[in-house]
1. Pairs please, first residue from segment 95-110 and more than 15 Å from E56 (Cα to Cα), second anywhere and among the acidic types (D, E) and at pLDDT below 95, Cβ atoms under 6 Å, 6+ apart in sequence or on different chains.
2. Taking the criterion of being at pLDDT 90 or above, out of contact with any strand residue (DSSP E or B) (no Cβ under 6 Å at 6 or more places or on another chain), surrounded by 11 or more Cβ atoms within 10 Å (Cβ to Cβ) and not in a helix (DSSP H, G or I), would at least one residue in segment 69-82 satisfy it?
3. Quick check: is even one residue across segment 15-28 surrounded by fewer than 12 Cβ atoms within 10 Å (Cβ to Cβ) and either modelled with pLDDT of 90 or more or among the aromatic types (F, W, Y) (or both)?
Amino acid sequence: MRQGPIFLSEGLTICAMISPVRLRRLSPRTNRASNQLDFRSEKNLAVAILRQAWHEAVLDLYSVKETSREDYRLLKRKAIEWISSDDDGFPYWCRLADVDSNAIRKRLQFNLQEQ
């Protein structure tokens, strides 16, 4: 197991424990199970992306430090724009997650009116 910093772009660094993972080559008989696993993985990724966008869109700006509010205001605006847009992939991620994009948009409008 290797430990140490991982360097990301723009000078960001995270520390992580990295353990080697051994991958097995799939035989043609197990390929069907692999496709099901890939679909579940894609669906889980889509759900995570949609949850993150939702969290950013409904964020209460008064719950964050005053010095960070402008950054969070921009993040919130971009999340709302992304959810409202048909061009930037929101409907694609909704189809992958098997959710109705229009229902999410209506719920977002309702939540934003309540804030």
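The values are calculated or read from the model by the stated rules, or taken from the named source; none is laboratory data. Fair warning: this is a prediction, and the values are worked out from it, not measured in the lab. Reconstructed Cβ throughout: ideal geometry from the backbone, glycine too, with neighbour counts over all protein chains shown.
1. Listed by first residue and then by second, the contacts come to L96/E42.
2. Scanning segment 69-82 turns up no residue that is at pLDDT 90 or above, out of contact with any strand residue (DSSP E or B) (no Cβ under 6 Å at 6 or more places or on another chain), surrounded by 11 or more Cβ atoms within 10 Å (Cβ to Cβ) and not in a helix (DSSP H, G or I).
3. Within segment 15-28, not a single residue is surrounded by fewer than 12 Cβ atoms within 10 Å (Cβ to Cβ) and either modelled with pLDDT of 90 or more or among the aromatic types (F, W, Y) (or both).
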